[in-house]
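Visitor: Just passing along the structure, written as structure tokens.
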Amino acid sequence: MNYLTIVHFQQQIQTTSYQFFFVAGVAGVASFFQTSMFLFVGEHLAERIRRAAFRSITRQEIAYFDQVRYPLSRSHALISILLCY
């Protein structure tokens, strides 16, 4: 091998290395975007579920909470948990 083939080989390796770093950077940004969107959607979905549950509880008649199978402390605990968020 002469000097020119070694330099050419090193340049090819360097070019390939830059390409791999570029692909890794793009994959990192895509992974960050995917995780961010997953968290965003998850938070909004949880909020919608909490609002729907709270709306469902508040639309019940008062007699619903007087039933023996739903003790007062249990329904109050659920409402207070939903109101905390």
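Visitor: Would you kindly derive the ³J(HN,Hα) couplings of the stretch 5-13 from the backbone phi angles with the Karplus curve 6.51 cos²θ - 1.76 cosθ + 1.60 (θ = phi - 60°), listing them in order in whole Hz, with x for Gly and Pro?
Guide: 6, 5, 5, 4, 4, 5, 5, 5, 4
Visitor: In whole Hz and in residue order, list the ³J(HN,Hα) couplings for the stretch 33-44 that follow from phi through the Karplus curve 6.51 cos²θ - 1.76 cosθ + 1.60, θ = phi - 60°; x for Gly and Pro.
Guide: Once θ is set to phi - 60°, the couplings for the stretch 33-44 become 4, 4, 5, 4, 5, 4, 5, 4, 5, x, 5, 5 Hz.
Visitor: Give me the extension gain from A27 to F9: residue separation times 0.36 nm, minus the current Cα-Cα distance, reported in nm with one decimal.
Guide: On the way: separation 18, 0.36 × 18 = 6.48 nm, distance 2.70 nm.
Here the answer is 3.8 nm.
Readers should treat all values here as calculations from the given coordinates under stated rules, not as data from a laboratory. Since the structure is predicted, the reported quantities are computational estimates derived from the model, not experimental observations.
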